[in-house]
Amino acid sequence: MSALSHLLSRPLSRPFRLASPTAAVGLAVCLALATIAPAFAAPRLLQLSSDPYTNSTSQHRTEVEPDTFAFGSTIVSTFQVGRFFNGGASNIGFATSTNGGRSWTAGFLPATTVFATPAGIYPRASDPVVAFDARDKVWLISYLGIVTPAGPVDVLVSRSTDGGLTWGDPVVVSRDGHFNDKNWTVCDNTTSSRFYGNCYTEFDDNTLGDLIQMSTSTDGGETWGGALPTGNNAHGIGGQPLVQPSGNVIVPIVGFAGRNFLMLSFTSGDGGASWSNTHIIARVAFRLPNGGIRATIPLPSAEMDASGTVYAVWSDCHFEPSCPASDLVLSTSSDGRKWSKLTRIPVDAKGSGVDHFIPGLAVDRSTAGSGARLVLTYYYYPVANCTAATCQLDVGFSTSSDGGATWSTTAQVAGPMSLAWLPNTTQGRMVGDYISTSFSGAPAYPAFAVASAPTGSTFDEAIFTVRGGLSVGGSATPASDQTDASSNDQQTSSSLTDQ
């Protein structure tokens, strides 16, 4: 369902029991630590969940599009479970660790879809993201409740007051009868901020041409204020709000320039009472990956360090003449208005022919500036010039210990996967419109979809992390390729079609 308006041999051991979809979510059980088998080299993978649903209208077993958030030793991941071809999923799943990733509890949200236990009112759900409100000690999963694939689509939040182990019934953020899409939630967790405890949800209203909307909660997500546009009534999709220590909110987002993409940002300095005009970060040189994979919008992955510097990463081919493959690029800002030059992240050499997309950035919130520790996970094709039959999909990661000045080269985490192993959607074969990585102490824990060969018509795609997390190691390759892309018209046309 994500970005509906603009698009768009089994070697793994699975030694865990998962809460039955007919059992209460509170019965979710701890996942065992043992995992991986010979198909993947180190780092070893840990499966977090598995699709238990059997409704014939979805593609099973499929889990896609995870998000994560960590606070202290608690890490919560959320994801779609049981993907429909034309939008949404059978339910929203979660996996929670309360001990820094050593063990995990998995389950499924209650009272969401008609397939949930207890059943909810929505035929489908989609686009889950997770946040934490430190003031109210509440975990939030926000997501979409889909009435029909053509709309209306509501924006919802489920709350957990026991550390992300059990979840309450949905709370409405927006139920205006419109087709709302691509929600993202964050909370202000700085005790000295005058807006400490505010939570902010961004989404776009497709009924109004993807009008950007922001809603604010001041009571731990129990109620939400009316949605507000940016100061210039901008249109876009896929924003990821972040809150600086001062309480200033910065939202990187994809905007539209005809049939091309812009990377934009907007801000609020008054606790969400109003929102600024948008500012151009860069004009995106977008390349649609080969093979029909669903990666049709260069959605940003945005994180913040201890000083409040925002790091935004996306897929872009500015540095590849004739655009044969995409790099991952980075821009930073201290205020959400002025952004650094576009910098190529050197996970592979220019001209390597490796295609990179769907990034998930983590920044260690206890570090800053030239000492900021970053971990970036992503999907990639080792050979960009491939077809649906020949493309090999991998998951990789790279780290930086100096605020993005230098990076390690690509290290494979999972793969290769055949695209035929992935569930199909109206916008292509799907692992998700985004993946996610979060620091919990020294290591960072990613969450990503990994597929094995189907058994007959039954898929074998689930959400995984890395056992023990990913450590920030040496960063040997300088990020020296830069350009001012804010006014650069170099772009590749993209086809924008409805799902």
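Structure summary
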read-out	value
Close pairs (7 angstrom Cβ cut-off, 6 or more residues apart or separate chains): farther than 20 Å from residue 187 by Cα in segment 145-171, of a type in the set (Phe, Trp, Tyr) anywhere	145/122; 146/122; 147/122; 151/179; 152/179; 153/179
Boolean, residue 315 is of a type in the set (Ser, Thr, Tyr), modelled with pLDDT of 95 or more, buried (at least 22 other Cβ atoms within 10 Å of the Cβ) and farther than 20 Å from residue 350 by Cα	no
Residue within segment 449-472 that is touching a strand residue (DSSP E or B) at 6+ places or on another chain (Cβ under 9 Å), at pLDDT below 95 and crowded, with 23+ Cβ neighbours inside 10 Å present	no
Pair list, Cβ under 8 Å, 6 or more apart: segment 265-280 residue at negative phi and charged (D, E, K, R), other residue in a strand (DSSP E or B) and surrounded by 15 or more Cβ atoms within 10 Å (Cβ to Cβ)	none
Residues satisfying the stated conditions in segment 411-424, i.e. in a loop (DSSP other than H, G, I, E, B) and either in contact with a helix residue (DSSP H, G or I) (Cβ under 7 Å, 6 or more places away or on another chain) or crowded, with 24+ Cβ neighbours inside 10 Å (or both)	422, 423
Unique residue being closer than 21 Å to residue 366 by Cβ and either touching a helix residue (DSSP H, G or I) at 6+ places or on another chain (Cβ under 7 Å) or not in a strand (DSSP E or B) (or both) when the list is 432, 441	441
Segment 109-150, subset outside any loop (DSSP other than H, G, I, E, B) and farther than 25 Å from residue 426 by Cα, residue nearest to the chain's Cα centre (by Cα)	130
Complete set of residues in segment 274-308 that are surrounded by fewer than 21 Cβ atoms within 10 Å (Cβ to Cβ), hydroxyl-bearing (Ser, Thr, Tyr) and under 28 Å from residue 370 (Cα atoms)	307
Members of segment 51-74 that are under 21 Å from residue 466 (Cα atoms) and surrounded by fewer than 20 Cβ atoms within 10 Å (Cβ to Cβ)	72, 73, 74
Residue list for segment 56-74, restricted to those being more than 15 Å from the chain's Cα centre (by Cα) and either within 14 Å of residue 125 (Cα to Cα) or assigned to a strand (DSSP E or B) (or both)	57, 58, 59, 60, 61, 62, 71, 74
In segment 184-217, the residues that are in a strand (DSSP E or B) and more than 16 Å from residue 275 (Cβ to Cβ)	187
Failed condition for residue 281, given (1) within 30 Å of residue 389 (Cα to Cα); (2) touching a strand residue (DSSP E or B) at 6+ places or on another chain (Cβ under 9 Å)	(1)
Criterion: at positive phi and in contact with a Pro (Cβ under 9 Å, 6 or more places away or on another chain) - qualifying residue of 360, 351, 369	351
Residue within segment 431-438 that is surrounded by fewer than 19 Cβ atoms within 10 Å (Cβ to Cβ) and within 19 Å of residue 44 (Cα to Cα) present	no
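The values are calculated or read from the model by the stated rules, or taken from the named source; none is laboratory data. Note that the structure is predicted; figures quoted are calculated from it, not measured. Don't worry about glycine lacking a Cβ; one is built from the backbone with ideal geometry, like all the others, and counts go over all protein chains shown.
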